[in-house]
Amino acid sequence: MNLINRLLVLGIPLVPKPLVQYFSRPYIAGETLADAVRVIKELNSQGMMATMDVLGEEISVREEAATPKNIYHQALEVIQSENLDANISIKPTQMGLKLDLAFCLKTFRELVEDAHKRGIFVRIDMEDSEATDDTLGIYNELRKEYDNVGIVLQSYMRRTLADTDMLMNDGPTDFRLCKGIYNESRRIAYKDRELIRRNFTLVLERMLREGAYVGIATHDEQLVWEGMRLVREFGLAKDKYEFQMLLGVDPELRKIILEAGHRLRIYVPFGEMWYPYSTRRLKENPQMAYYVLRNIFHAG
């Protein structure tokens with residue numbers, strides 16, 4: 001990150017909350033489940049699948065898990081009743097991973113069981129490196145019982161190739177492969193942008209070659225190209241993989257993927273915890289932060 005971008009990121013906490021909300025509108029469906037349903041119906045009408053993501057991360061007491069858990073149960077009911085082409089993605093720390101592993105596993109089991117009865121898939125999200133081992137443990141436990149659960153791996157993590165091999169050795173696996181966004185030490189994660197790309201391609205090739213289902217989650221056109229190259233090279237049917245993007249990010253690339261005949265899933269975040277999510281996205285995208293800060297000065 002260059003000096004200007006670093007200064008922009010440092011300035012994000014000074015941005016008025018209403019202005020952050022204004023600029024985050026394309027990236028968040030809204031605060032309610034109804035908002036998410038409205039957006040997903042529109043995406044489905046345009047030929048895209050969706051994943052519901054209730055905003056919120058690490059909780060401090062068990063009781064805080066009740067609200068997102070209940071919203072996810074409601075989401076599963078709505079996906080079924082509205083016949084949406086959608087599934088759900090859940091962050092383990094949102095369900096108490098760092099408080100009590102057994103409690104977190106129990107909560108996930110309840111949600112996966114509910115989803116299984118309705119024929120809906122559940123993605124277990126991946127967070128920072130402190131949560132990796134326990135998250136993989138939860139996934140391994142649940143996939144022994146259910147066939148509607150998948151995991152996320154991040155290509156910037158040095159351990160990801162080994163984790164890929166370990167998981168595939170234990171049976172059929174459904175992956176979401178992304179670059180990763182958490183701030184990790186060099187000992188744990190690659191810092192060089194090109195190395196992260198090369199590892200993404202290496203891991204993706206291993207997954208596809210061994211027959212894993214992969215959600216190729218990237219907004220990096222070079223990696224989209226690599227994904228298209230590999231699915232063509234392996235002669236994969238359209239139902240053996242998918243591309244994935246976040247709501248509001250690079251609509252033009254979204255169209256390119258669809259027009260090339262590939263399936264595309266859009267992650268649709270919603271909920272009252274929109275502000276932390278929005279500021280994180282601004283930190284990831286200093287160019288967006290530049291426009292926000294420029295508008296502040298122009299408004300003055």
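The values are calculated or read from the model by the stated rules, or taken from the named source; none is laboratory data. From a predicted model like this one, the values you see are computed outputs, not experimental measurements. Neighbour counts are summed over all protein chains in view; Cβ atoms, including those assigned to glycine, are modelled from backbone coordinates with ideal geometry.
A few points about this structure:
- There is at least one residue in the range 163-180 that is within 16 Å of the chain's Cα centre (by Cα), modelled with pLDDT under 95 and either of a type outside the set (Ser, Thr, Tyr) or farther than 25 Å from ILE257 by Cβ (or both).
Table: residues versus (1) among the aliphatic types (A, V, I, L, M); (2) under 28 Å from ARG25 (Cβ atoms); (3) surrounded by fewer than 22 Cβ atoms within 10 Å (Cβ to Cβ).
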| position | (1), (2), (3) |
| --- | --- |
| ILE216 | yes, yes, no |
| HIS219 | no, yes, yes |
| TRP225 | no, no, yes |
| LEU230 | yes, no, yes |
| ASP239 | no, no, yes |
| GLN244 | no, yes, no |
| LEU253 | yes, yes, yes |
| ILE256 | yes, yes, yes |
| ARG265 | no, yes, no |
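- Every residue from the range 242-262 that is among the acidic types (Asp, Glu) and under 14 Å from ALA50 (Cβ atoms): GLU242
To keep it simple, each residue is scored yes or no on (1) at pLDDT 95 or above; (2) over 20 Å from TYR267 (Cβ atoms); (3) out of contact with any helix residue (DSSP H, G or I) (no Cβ under 7 Å at 6 or more places or on another chain); (4) outside any strand (DSSP E or B).
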| site | (1), (2), (3), (4) |
| --- | --- |
| VAL78 | yes, no, no, yes |
| ILE88 | yes, no, no, no |
| THR93 | yes, no, no, yes |
| CYS104 | yes, yes, no, yes |
| THR107 | yes, yes, no, yes |
| GLU113 | yes, yes, yes, yes |
| LYS117 | yes, yes, yes, yes |
| ILE120 | yes, no, no, yes |
| ASP133 | yes, yes, yes, yes |
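- Applying the set (1) touching a Gly at 6+ places or on another chain (Cβ under 9 Å); (2) surrounded by 19 or more Cβ atoms within 10 Å (Cβ to Cβ) to LEU101 leaves exactly one unmet item: (2).
- Of note, ARG263 satisfies the criterion of being of a type in the set (D, E, K, R), in the same structural domain as VAL152 (by TED's automatic domain parsing) and in contact with a Phe, Trp or Tyr (Cβ under 9 Å, 6 or more places away or on another chain).
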